[in-house]
1. For the range B:46-137, give me every one of the helices (runs of 4 or more DSSP H) that falls completely inside it and has 1 or more residues that are within 21 Å of B:L35 (Cβ to Cβ) and either of a type in the set (K, R) or at the interface with chain A (Cβ under 10 Å from one of its Cβ atoms) (or both).
2. Considering the range B:177-190 alone, what residues qualify as being touching a helix residue (DSSP H, G or I) at 6+ places or on another chain (Cβ under 6 Å) and within 18 Å of B:A50 (Cβ to Cβ)?
3. Give me a count of the residues in the range A:1-59 that are of a type in the set (V, I, T) and closer than 23 Å to B:K93 by Cα.
4. Return the total of residues in the range B:40-79 being under 22 Å from B:Y213 (Cβ atoms) and either buried (at least 16 other Cβ atoms within 10 Å of the Cβ) or in contact (Cβ under 8 Å) with a residue 60 or more places away in the chain (or both).
5. Working only within the range A:41-74, note down all residues that are within 14 Å of chain B (Cβ to nearest Cβ) and among the hydroxyl-bearing types (S, T, Y).
6. Considering (1) crowded, with 21+ Cβ neighbours inside 10 Å; (2) in contact with a Phe, Trp or Tyr (Cβ under 9 Å, 6 or more places away or on another chain); (3) more than 22 Å from B:I63 (Cα to Cα), say which one B:P149 fails and leave the rest.
7. Assuming B:K162 fulfils every condition listed in (1) in contact with a Leu (Cβ under 9 Å, 6 or more places away or on another chain); (2) surrounded by 15 or more Cβ atoms within 10 Å (Cβ to Cβ); (3) in contact (Cβ under 8 Å) with a residue 40 or more places away in the chain apart from one, which condition is it?
Amino acid sequence: MRILLTFYKNFSVVSITVSLICCVLVLASGSPYFTVMAFWMKFFSNAGLLGYVHLFRDDQFAFFANLGYSQKQLYLQFLAIDFLIWIVLNGITLMLR
Amino acid sequence: MREVLELDGIYLEYDLAKILTSIHVKCETGQIIGLLGRNGSGKSSLLRIAFGSLQAQSKSIRINDVPQLKSFNRNISYLPQQPLIPSFISIQKALQLFSIDPQCILDVFPEAKDAINLKPDETSGGMRKIIEVMLILNTSSRFSLLDEPFSGIMPVHVETLKDYMRNKKKEKGIIITDHLYRHVMELSDKLYVLANGKTYVVHDEHELVSRGYVREL
């Protein structure tokens, strides 16, 4: 988990910022249905982020591979952690609404 | 017990250019294997295939005759030519993730003391390389593949690293490729040259001339 969090930390500022923007949009819209749109926004921003990492920041993968993690494992677990954070933040937002 | 890493049956081509066609490399724990070859001969590709970070059209990587079907299984560690430690991780944190005590580096290179607490981009290229070589050599893997471990390191530290590798080979097998070929030749228990996609065992240094790797010895 320590290794995955280290990988996640690299992109956490961008990723959590997008999640918070999603929450603000849901709050501002006043409609829970906006969550669906926020989900797609999150989905495409993560696709863009991982695409950027895959194309331009792939030099870091040898480090994680030496720790036993393939690119695929890192991507999947990054998405799992990030969507978990997104769900928690959106849950809190819907309760606050 | 001696363990054996064998690489063979490797076929790699890019855009119909055959890079690796007839490969046989054998490395036992307790040995340092040198791999030499001209630029573009496929040395780095071969190491990446052995590690699992590059897919070949066919390959057979075995440890003690057991095929290594799963990549990155931690039996094999790999130092790439490019910087290893990502710039967003401090060197101390990187060592922690590999459960490596910084002291094992400081015992050999006391001048690395300040660098250990920095991020890799904040230290000199040579010191970064030393720390990365030491990190790979201190992983728990049984075999270490080192791609240009001496590049950018000053001669006095190269000698220290060579002594350290000679010591480390007691517990693991090491495959090393570097264009500082005299160091590689001096260290190696067995030397291969890679030419025309094939590996040839070097019995006589003059074969390096005949294979077109050096002009003269």
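1. Working: elements: B:91-97, B:103-106, B:113-116, B:125-137.
Helices (runs of 4 or more DSSP H) meeting the threshold: B:125-137.
2. Those that are touching a helix residue (DSSP H, G or I) at 6+ places or on another chain (Cβ under 6 Å) and within 18 Å of B:A50 (Cβ to Cβ): B:T177, B:D178.
3. Keep residues of the range A:1-59 that are of a type in the set (V, I, T), which gives A:3, A:6, A:13-14, A:16-18, A:21, A:24, A:26, A:35-36, A:53.
Applying the additional criterion that residues be closer than 23 Å to B:K93 by Cα yields A:3, A:6, A:13-14, A:16, A:53.
Total satisfying the criteria: 6.
4. Taking the range B:40-79 and keeping what is under 22 Å from B:Y213 (Cβ atoms), we get B:40-50, B:79.
After this cut, where a residue has to be either buried (at least 16 other Cβ atoms within 10 Å of the Cβ) or in contact (Cβ under 8 Å) with a residue 60 or more places away in the chain (or both) as well, the list is B:41-50, B:79.
Residues flagged as under 22 Å from B:Y213 (Cβ atoms) and either buried (at least 16 other Cβ atoms within 10 Å of the Cβ) or in contact (Cβ under 8 Å) with a residue 60 or more places away in the chain (or both) within the range B:40-79 amount to 11.
5. Kept after step one, since they are within 14 Å of chain B (Cβ to nearest Cβ), are these residues of the range A:41-74: A:53-54, A:56-74.
Matches in the range A:41-74: A:Y69, A:S70.
6. With (1) crowded, with 21+ Cβ neighbours inside 10 Å; (2) in contact with a Phe, Trp or Tyr (Cβ under 9 Å, 6 or more places away or on another chain); (3) more than 22 Å from B:I63 (Cα to Cα) applied to B:P149, the lone miss is (2).
7. Going through the list (1) in contact with a Leu (Cβ under 9 Å, 6 or more places away or on another chain); (2) surrounded by 15 or more Cβ atoms within 10 Å (Cβ to Cβ); (3) in contact (Cβ under 8 Å) with a residue 40 or more places away in the chain, B:K162 breaks only (3).
No value in this document is a laboratory result; all are computed from the given coordinates. Quick caveat, the model's predicted, so the values are computed rather than measured. Cβ atoms come from the backbone with ideal geometry, glycine included; neighbour counts cover every protein chain shown.
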